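Asker: Have a look at this one before I ask anything.
The values are calculated or read from the model by the stated rules, or taken from the named source; none is laboratory data. Being a predicted model, the structure only gives us computed values, none of them experimental. Note that we place each Cβ from the backbone using ideal geometry, even for glycine, and neighbour counts take in every protein chain shown.
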């Protein structure tokens, strides 16, 4: 493979990683209602904001072109928030979660 092909592959991987990070950041911002709800424990709320701060922070475990650590922290925070919200019964629409047994949280 020549240099041009490696640059194209690297650019495509960087764009894909950036797109995934953007989608996760949008999901974190959509979860604001859960963060404001009193039924979700404080440590879960703090974990989400810590993940957002880490994502925009210039200090990283891996160099900035590699967003795997940022994506990992955002995924961990979203899963934690989702589990806590489901356990607290937050995010369900008028009895729908009780009927279906599932949560409507992002």
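Asker: Give the residues of segment 68-97 that are surrounded by 15 or more Cβ atoms within 10 Å (Cβ to Cβ), modelled with pLDDT under 75 and assigned to a helix (DSSP H, G or I), sorted by residue number.
Answerer: 97
Asker: Moving to a separate point now. Mind listing whichever residues of segment 1-33 are in contact (Cβ under 8 Å) with a residue 40 or more places away in the chain and either part of a loop (DSSP other than H, G, I, E, B) or in contact with a helix residue (DSSP H, G or I) (Cβ under 8 Å, 6 or more places away or on another chain) (or both)?
Answerer: 17, 20, 21, 24, 25, 27, 28, 31
Asker: Determine if segment 40-53 includes at least one residue that is loosely packed, with under 14 Cβ neighbours inside 10 Å, under 19 Å from residue 13 (Cα atoms) and modelled with pLDDT of 80 or more.
Answerer: No; the residues of segment 40-53 include none that is loosely packed, with under 14 Cβ neighbours inside 10 Å, under 19 Å from residue 13 (Cα atoms) and modelled with pLDDT of 80 or more.
Asker: Across segment 54-67, what is the number of residues that are assigned to a helix (DSSP H, G or I) and loosely packed, with under 13 Cβ neighbours inside 10 Å?
Answerer: First pass over segment 54-67, keeping only residues assigned to a helix (DSSP H, G or I): 54-56.
Within this subset, residues satisfying the condition of being loosely packed, with under 13 Cβ neighbours inside 10 Å are 56.
So the count comes out to 1.
Asker: Continuing with this model, one more query. Among the residues that make up segment 98-106, is at least one of them in contact with a helix residue (DSSP H, G or I) (Cβ under 7 Å, 6 or more places away or on another chain), loosely packed, with under 15 Cβ neighbours inside 10 Å and at pLDDT below 75?
Answerer: yes
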